[in-house]
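Below: one structure, written as structure tokens.
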Amino acid sequence: MRNKTKHDISVTKLAKQLMAIDDQLTGCMHCGLCQAVCPVYGVTAKEADVSRGKIVLLENLAYEILKDVDGVGERLDRCLLCGSCQTNCPSGVNTIDIFLHARRLVTEYKGLSKIKKIVFRFILPRPKLMSFFVAFSSRFQRLFMFKANKKMGTFKVPVLQPFVGKRHFPHLENKSFSAKFGNINTSAGSSNIKVAFFPGCVPDKLFVKVSNATMKVFEKHEVGVFMPDNLVCCGIPNLVSGDHVSFKRLVKTNLNLLKQSEFDYLISPCATCASNIKENWLRFKKYFTHDEQQQIDELHAKTMDITEFLTDVLKIDFKLSPQKNGNIRKVTYHDSCHLKKTLGVFAQPRQILKNLSGLEFVEMPEADSCCGSGGSFTLTQHDLANKIGQRKRNNIVSVQPDIVATACPACMLQLMDMLSQNGDNVEVKHVVELYADSL
């Protein structure tokens, strides 16, 4: 019998760690109902790309039936973590939990790439550095950004093509939202409500207009706002890449900052941030101190999406919004996966859109199908993201809207890209922007 190699020993260690989630793995009945809702399988029709296939690979790895850790890692990466399979699973298998834990174990085995180490452990923990990069890049963006769709205000960035493909982007703002406002701590007015505002990286650095709109709404309804200086990323890019070292660091930083003031709710216009803080911080709370665990529990109860806050807490009568110039614009809505499938928020944004004066709401086909964004998925699986996004674009234009609204900035980026590449004349707006515009 041959002696075990270092590789064999490492795989054996990984297999033993995977056995810790064996109960979750064996809960899968392999019925295949996840095939019907998986956006990746819808494009590739490959069994290894659907949840059932990934779980079989993890089971085989856990029992050391196979030794191909790299192959399993690559298949795990071909997942948007959209939650469609989990929502549709008759056995109630928590696929998100399985894949997040599996990615952590595989990353610990394989290690992180140099680029991810730089981004996750050096750049994301330093928000002022990120704001500086935004301000610096905005000054020179005309040199490397070229107009793609004038009506949509999108640009091609050839210099970034090796990293992001032929994607179209909105232009950069001169300053990030946090750089403009810094620390915010205002008292509650007639609402008697104070919120912690967590803008998230994209609304802070790119879609500053979304953060501005959210603040405008808070001011209109006399809601007190607390936003500590130096809030960092919520940690979702780190978590989905399996880097728990930097994920824990970011969460701990935010927990310390959020202790500085009392507040009733934590509100974000970013569905991804809200779902990560509410669900994933809770999912991995055992890795934090007792005091931090208590704070995570409190934040779980307090965290809400902005559309949910406007409808369920402030109970705004949107019908009172003034109509502008008598023009009626047709608007449709795209359900963010994190918002609908993780947080269960889907009626609230529709309630806003259906009642705003000057808008005619029309439902698109497959409104809750994934748009193909998935954060870094668009970078690592660009062709797949494009094919999934093209189906979403086709569904949008089929109802001939003037505007497609959503409540997720990451989805906004993907929708703008797909519509722009097709030369469509459809505005992409956050729901809170449309409400703020009516004030």
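Taken over the range 390-421, the criterion of being modelled with pLDDT of 95 or more, small (Gly, Ala, Ser) and either part of a helix (DSSP H, G or I) or touching a strand residue (DSSP E or B) at 6+ places or on another chain (Cβ under 8 Å) (or both) is satisfied by Ala405, Ala407.
Restricting attention to the range 109-125, and to residues there that are within 26 Å of Leu18 (Cα to Cα) and in contact with a helix residue (DSSP H, G or I) (Cβ under 8 Å, 6 or more places away or on another chain), which single residue is surrounded by the fewest Cβ atoms within 10 Å (Cβ to Cβ)? Here the residue is Lys110.
For the condition without any contact (Cβ under 8 Å) to a residue 12 or more places away in the chain and either within 30 Å of Ser178 (Cβ to Cβ) or not assigned by TED's automatic domain parsing to the domain that holds Met416 (or both), Leu129 qualifies.
When the range 41-93 is filtered for residues that are of a type in the set (D, E, K, R) and in a loop (DSSP other than H, G, I, E, B), the ones remaining, listed by number, are Lys46, Glu64, Lys67, Asp68, Arg78.
Residue pairs whose Cβ atoms lie under 6 Å apart, separated by 6 or more positions or on different chains, with the first residue in the range 398-421 and over 23 Å from Gln351 (Cα atoms) and not assigned by TED's automatic domain parsing to the domain that holds Ser211 and the second outside any loop (DSSP other than H, G, I, E, B) and hydrophobic (A, V, I, L, M, F, W, C), are Met416/Val428; Ser420/Ala148. Residues that are crowded, with 19+ Cβ neighbours inside 10 Å and modelled with pLDDT under 90 within the range 26-48 comprise just one, Cys28. Of all residues in the range 272-302, those satisfying the criterion of being among the basic types (Lys, Arg) and within 27 Å of Cys371 (Cα to Cα) are Lys278, Arg283.
Could you tell me which of the residues Gly53, Gly42 is in contact with a helix residue (DSSP H, G or I) (Cβ under 7 Å, 6 or more places away or on another chain) and of a type outside the set (Lys, Arg)? Before you say what the answer is, go through the steps one by one.
Numbers: Gly42 fails: in contact with a helix residue (DSSP H, G or I) (Cβ under 7 Å, 6 or more places away or on another chain).
The conditions single out Gly53.
The residues of the range 407-428 that are surrounded by 24 or more Cβ atoms within 10 Å (Cβ to Cβ) and charged (D, E, K, R) amount to a single one, Asp417. For the range 331-380, filtered to residues that are without any contact (Cβ under 8 Å) to a residue 60 or more places away in the chain, in a helix (DSSP H, G or I) and out of contact with any strand residue (DSSP E or B) (no Cβ under 7 Å at 6 or more places or on another chain), the residue that is farthest from Asn276 (Cα to Cα) is Asn355. Return the residues of the range 376-406 that are small (Gly, Ala, Ser) and crowded, with 18+ Cβ neighbours inside 10 Å; say none if nothing qualifies. Result: Ala385, Gly389, Ala405. Of everything in the range 140-157 that is charged (D, E, K, R) and free of Cβ contacts under 8 Å to residues at least 12 places away in the same chain, the residue that is farthest from Val404 (Cα to Cα) is Arg142.
The values are calculated or read from the model by the stated rules, or taken from the named source; none is laboratory data. Because the structure is a prediction, the values reported are computed rather than measured. Note that we place each Cβ from the backbone using ideal geometry, even for glycine, and neighbour counts take in every protein chain shown.
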